[in-house]
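Please read the structure below before turning to the comments.
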2 protein chains.
Amino acid sequence: MEIKIMKNILDRNQNKANEVRKTLHENSVLMVNLISSPGAGKTTLLERTCAALSGKVRMGVIEGDVTTDRDAQRLAMYEIPIVVINTEGGCHLDSHSISKVLPEFDLQNLDILFVENVGNLICPTAFDLGEEFKVAVVSTAEGDDKPGKYPMIFRDARAVILNKTDLIPYTNFSMKNFRNDLAKINSRVPLFEVSCTKNTGLDAWYKWLTGKVF
Amino acid sequence: MEIKIMKNILDRNQNKANEVRKTLHENSVLMVNLISSPGAGKTTLLERTCAALSGKVRMGVIEGDVTTDRDAQRLAMYEIPIVVINTEGGCHLDSHSISKVLPEFDLQNLDILFVENVGNLICPTAFDLGEEFKVAVVSTAEGDDKPGKYPMIFRDARAVILNKTDLIPYTNFSMKNFRNDLAKINSRVPLFEVSCTKNTGLDAWYKWLTGKVF
């Protein structure tokens, strides 16, 4: 019974996601759905990306949070349009909430619309938001075994960002193990090894992302 | 409609959780539900705890994982009873799955039954498993803002374990900010500041936990 209910919810979500995607395509807006565990560094990644691409790419952000607008506050200085969706305890964003906030953006004047999903490596993966693709963000501090343990997001992601590489010397994280684990799940996904706080490794990400703009 | 469905699911879960709790009480078994983000260190905490309390407290573990038995493999050397529940993509354990595996344990010869929940700081909080209490595990690498951003688990937890304190010098984590944030959510919860990999700060946790055994 729960399975049937879940199917209905996902079907309705899929229909609305297709509508959202159509609207975005009509306006040539690339929507990128960022998914990670809490604290993997999605907001810091957005801070770096907004700073680096400002003036070259017109960006906007939808901030998904269980509660608070803390992440949006951190991004406010970049003077880009930001809309916060508080899920009030909910564990993921869905396409209906995206559809509702889309009119807040001037889509004709946007190139990329980032969605920072709720911090959760599992549930957000099941919900198409109408994005062009999902990006998985994972921190070295979470350990090198995450692709095998949480395969869904690593299977779906169009790119994987491994953040906090500066912490590797202080942990038991093995880059070899991580790469092998990821290769078993998704052998061809681009992997960007970065430190958002130390600002290293990000140029390849900017280049890849900019190449996806319509 | 989704809210009503969720209420039904939670009601059914609650009824079964009450049954589980009754069985555990009849056998004087303390069930502890460990909840954290992926990679915060629940398994390493269990490894340390099993090693430290072996011979003093009779322990068992239910390992909840989306897929794989990797965590159980890590605990196998401690020669304690372990049962793995693979949720096959599911984002949390529920009381029905706990109830099904309970007969695998010799409850008369157990003092503590740990449940290592699926790595997820949101969904597991909503599901009573029949545990005596929940413990939140959070890593310094996730940032000092997690209690405010994910308040549910920090509000419900009987204890909070802040792991990976050895990484603080290499991050922008502020202990003051973390403590203030936590105090706003749950001012009286015991906080254990530990490093499971470096084996520091854990004695207070062992003492507190042992004091809860029936």
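The 3J(HN,Hα) values that the Karplus relation (6.51, -1.76, 1.60; θ = phi - 60°) gives for region B:61-71 are, in residue order, 9, 9, 9, x, 9, 4, 7, 6, 10, 4, 5 Hz. Gly and Pro appear as x.
In region A:118-184, inverting the average of 1/r over every pair of distinct C-alpha atoms gives 12.5 Å as the Kirkwood radius. Dividing the mean sequence gap of close Cα pairs (under 8 Å, 6+ apart) by how many residues chain B holds gives a relative contact order of 26 percent.
Taking amide hydrogens as placed 1.01 Å from N in the peptide plane, the amide H of residue A:159 sits under 5 Å from those of A:136, each at least 5 positions away in sequence or on another chain.
What separates the residue B:86 label point from its copies, with the point 7 Å along Cα to Cβ, is 4.0 nm, written shortest first.
Derived scalar couplings between HN and Hα for region A:122-132 equal 10, 4, x, 4, 7, 10, 5, 9, x, 5, 6 Hz in order, rounded to whole Hz, by the Karplus curve 6.51 cos²θ - 1.76 cosθ + 1.60 (θ = phi - 60°), x for Gly and Pro. Taking every Cα-Cα distance in the protein assembly as shown and sorting them into 20 Å bins starting at zero, the pair-distance distribution P(r) comes out as 26, 58, 16, 0 percent.
Indicate the gyration tensor shape class of chain A (rounded, prolate or oblate), computed on the Cα atoms with a ≥ b ≥ c the square roots of the eigenvalues: a/c under 1.5 is rounded; otherwise a/b larger than b/c is prolate and the rest oblate. The shape class here is oblate. Sorted shortest first, the separations between the residue A:203 label point and its copies elsewhere in the assembly read 5.1 nm; each point sits 7 Å from Cα along the Cα-to-Cβ line.
With label points defined 7 Å past Cα in the direction of Cβ, position residue B:9 shows copy-to-copy spacings of 0.4 nm, given to one decimal and shortest first. For the rotational copies B and A, the chain B residue with its Cβ nearest the relating axis, together with that separation in Å, is B:141, 2.
Can you compute the helix-only [θ] at 222 nm over chain B? Use -39500 (n - 2.57) per DSSP H run of at least 4 residues, normalise by all residues, nearest 500 deg cm²/dmol. Could you put the intermediate results ahead of the total?
Details: 8 runs with 80 residues, N = 214.
So the calculated ellipticity at 222 nm is -11000 deg cm²/dmol.
No lab work stands behind these numbers, since they all come straight from the coordinates. Just so it is clear, the model here is predicted, and its values are computed rather than measured. Neighbour counts run over all protein chains shown; Cβ positions are idealised from the backbone, glycine included.
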